[in-house]
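The values are calculated or read from the model by the stated rules, or taken from the named source; none is laboratory data. Not measured: the values here are computed from a predicted model. FYI the Cβ positions are ideal-geometry reconstructions off the backbone, even for glycines, and counts take in every protein chain you see.
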Amino acid sequence: NCSWFYLESLKQGLQIDVLREVGRQYPVFCFLLVFMLSLTILLNRYLHILMVFWSFLAGVITFYCSLGPESLLPNILYTIKPKNKQQELFPLGHSCAVCGKVKCKRHRPTLLLENYQPWLDLKVYSKVDASMSEVLELVLENFVYPWYRNITDDEACVDELRMTFRFFASVLVRRAQKVDVPSVISGKMMKAAMKHVEIIAKAKQKVKNTEGLQQAALVEYGPDLHFALHSRKDELRYLRKVTKMLFAYLMPPKATDCRSLAVLMQEILVGSVFLPIMDFMADPDTVNHMVLIFVDDTPSEPAMEPPSSLVPFLQKYADPRTKKTSVLKLELKEIREQQDLLFRFMNFLKQEGAVHVLQFLLTVEEFNDKILCPELSEAELRRLHGEVQHVYETYCLEESIDKISFDRFIVEEIRNSKIFRSVPGKIIKEKGQNLEPFIQSFFNSCESPKVKPSRPELTTLSSTAEYNKLSNDLYKNNTNLFETLETHNRNYFMEMISVEGMYDYMMFMGRVVFHIPDWLHHILSGGRILLKNTFEAYMDSYIQHKLEMILQEHRVVSLVTMLRDAVFCENSEERTTGDKQRRAKKAFDEMMNYLPDFMEKCIGQEAKYEGIRLLFDGFQQPLLNKQMTYVLMDIAVEELFPELGKVNF
């Protein structure tokens, strides 16, 4: 007993278990260490020679121990230029017109004109503009005019909807210009995709055939399943909630105060546009088409025609169709002639931080009265020239407190004193454009809504109309969660994962999907220190290149046309089951051919087939596709509207 106790004490003192684990983890190092110790003991007379080998071994061990997973060689091959940030919009707040800061202590706060007219200086190719105008006009033709024409033939209300659509689209485009899309794709979106693949891989291990893959994956998601997939009603409810939150940022200022307009816009967009788009994007046939586009290595078809001219974004689409003048509309001339209205209007502009716009208008009107006099002396001309200089210094200089955003040619002509020939008419037109949104907002703010007690909620859709919108043979009732789907307490999206970046995602796919051998995984792990940053810089550059190709004029027109056909069924014939099966088979074959031959030699033909088959089978599940579509949509909304993360709903 004493000897046994002595051995146990010695074992604990020497930490035999720890040494055994070290030997298992680092067999090469341990063998070299034992070998060098043996040589040192046996050949101690040659210690001065062995010290060279000991120094080399110590250097290798020190170098290895000093490196960790976070020790990475910087990017040495690709240089990614930082994306220039656009002027940020603040639809619900004020910012300085001089420096653009929200909390400016040097200048007077004023509301940016872009918040009322976000399409300012926003130009697109004319063919793209025409395609988008066609889609927006189809929205009105299909979902507004059928009932609106039974009420009236006055186009004023529809013109207001067109202007709202233009505002809506312009804000989206401006915000998209600020987003670093390659970084979002290679970051948050790819991480979400990896979790999706992991869940499908785990579900695949629990089922014997492909038919049960979708249900097994939905169960694997558990409580992390997106709310929109619980049922078709929940999906519509979720889209309504998101749209309602975004309206504060996408609608013209104070437009949401008009409850009828807000509800009308919400129902048109949610039930007739957004829901069909989400169904279209999650359709396995659409996903197979996207896969074919991604894996296609053939050079893309060049544009057959030169680029069209740049035009103001949706300007032609938003031009008023009505020829009648509303008796309720206030003209600027009427406001100026009535002191009571002018006083109220100035107070309104003061609240909006735009009094200087009205001051500019009055200055120009006074100047016009003087310059139209046919007989002007030299002294009077010099005095008018001085007034022009004062207008330029007050309203055109960048450092001016009362600076107004004019077109560049107007500023140049004022600065070069060409005011006498061409500028008066241009300024008259410009001033109306600047004040028109303020007049409309002033008119809307003058009439307070009448509050009715216990007013019932508006009925957004009749039961028959809602059933028609929710009925879908492909998605049924989504997961029908509360009737069939079992949930568990695992939370995949709260678990800590060690993968971060495209290099780690590549290793993750190799390990989880293709089951690469250990030796290849060790090589990739060792290469991570040297290649991770360079590889990810290359991938960002590659994604940026792909996006630039997609955003070429003829391709954007093609994408808008596909969207139009999906939402409004403009295409003559629906794709048959045979067409979809042929596309699916082609997609699988192209996926098999996409991986290079040396990868097949490294991982084996069977592992390659099983990995591609797993990914392909996942693409053929409509509800899993819709889960991923909503997750990616949420990421896009978060990037486009970061303000939502700071608001508690």
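Data table
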item	result
Number of positions in the stretch 173-221 that are not aliphatic (A, V, I, L, M) and not in a helix (DSSP H, G or I)	5
Scan of the stretch 510-557 for residues that are of a type in the set (S, T, N, Q) and closer than 22 Å to residue 185 by Cα, ordered by number	533, 534, 541, 544, 552
Unique match (being more than 25 Å from residue 271 (Cα to Cα) and more than 27 Å from the chain's Cα centre (by Cα)) among 215, 177	215
Residue match in the stretch 637-649 (condition: within 30 Å of residue 124 (Cβ to Cβ), touching an Asp or Glu at 6+ places or on another chain (Cβ under 7 Å), modelled with pLDDT under 90 and of a type in the set (Gly, Ala, Ser))	yes
Top-ranked residue of the stretch 366-396 - restricted to ones that are closer than 22 Å to residue 342 by Cα and without any contact (Cβ under 8 Å) to a residue 12 or more places away in the chain, ranked as farthest from the chain's Cα centre (by Cα)	369
Qualifying positions in the stretch 254-275 - closer than 26 Å to residue 630 by Cα and among the acidic types (Asp, Glu)	267
Matching residues, the stretch 216-245, being of a type outside the set (D, E, K, R), touching a residue at least 60 places away in the same chain (Cβ under 8 Å) and within 30 Å of residue 610 (Cα to Cα)	217, 218, 219, 221, 222, 223, 225, 226, 229
Enumeration of residues in the stretch 379-406 that are touching a helix residue (DSSP H, G or I) at 6+ places or on another chain (Cβ under 7 Å) and part of a loop (DSSP other than H, G, I, E, B)	396, 400, 402, 403, 404, 405, 406
Counted residues, the stretch 247-265 - those being under 23 Å from residue 278 (Cβ atoms) and surrounded by 20 or more Cβ atoms within 10 Å (Cβ to Cβ)	3
Enumerated helices (runs of 4 or more DSSP H) restricted to the stretch 585-649, each holding at least 3 residues that are under 22 Å from residue 183 (Cα atoms)	622-640
Pairs where the first residue, in the stretch 584-597, is free of Cβ contacts under 8 Å to residues at least 40 places away in the same chain and within 10 Å of residue 291 (Cα to Cα) and the second is surrounded by 14 or more Cβ atoms within 10 Å (Cβ to Cβ) and of a type outside the set (Lys, Arg), C-beta under 7 Å, 6+ apart	588/616
Pair list, Cβ under 8 Å, 6 or more apart: the stretch 321-344 residue modelled with pLDDT of 80 or more and of a type in the set (A, V, I, L, M, F, W, C), other residue exposed (fewer than 14 other Cβ atoms within 10 Å of the Cβ) and part of a helix (DSSP H, G or I)	341/334
Yes/no for residue 632 being out of contact with any Cys (no Cβ under 8 Å at 6 or more places or on another chain) and either at pLDDT 90 or above or farther than 24 Å from residue 506 by Cα (or both)	yes
Residue in the stretch 163-176 that is farther than 30 Å from residue 139 by Cβ and touching an Asp or Glu at 6+ places or on another chain (Cβ under 9 Å) present	no
Helices (runs of 4 or more DSSP H) completely within the stretch 498-576 that count 1 or more residues being within 25 Å of residue 616 (Cβ to Cβ), among the hydroxyl-bearing types (Ser, Thr, Tyr) and at pLDDT 85 or above	502-512
For residue 190: the one exception among (1) without any contact (Cβ under 8 Å) to a residue 24 or more places away in the chain; (2) under 17 Å from the mean Cα position of the chain (by Cα); (3) closer than 21 Å to residue 624 by Cα	(1)
When residues of the stretch 222-263 are limited to those that are part of a helix (DSSP H, G or I) and more than 25 Å from the chain's Cα centre (by Cα), the one farthest from residue 643 (Cα to Cα)	222
Filter pass, residue 599 being crowded, with 19+ Cβ neighbours inside 10 Å, within 24 Å of residue 506 (Cα to Cα), out of contact with any Ser or Thr (no Cβ under 6 Å at 6 or more places or on another chain) and of a type in the set (A, V, I, L, M, F, W, C)	no
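Residues are listed down the side, and each one gets a yes or a no for (1) in contact with a Ser or Thr (Cβ under 7 Å, 6 or more places away or on another chain); (2) surrounded by fewer than 16 Cβ atoms within 10 Å (Cβ to Cβ); (3) at pLDDT 55 or above:
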residue	(1), (2), (3)
56	no, yes, yes
64	no, yes, yes
72	no, no, yes
84	no, yes, no
88	no, yes, no
92	no, yes, no
111	no, no, no
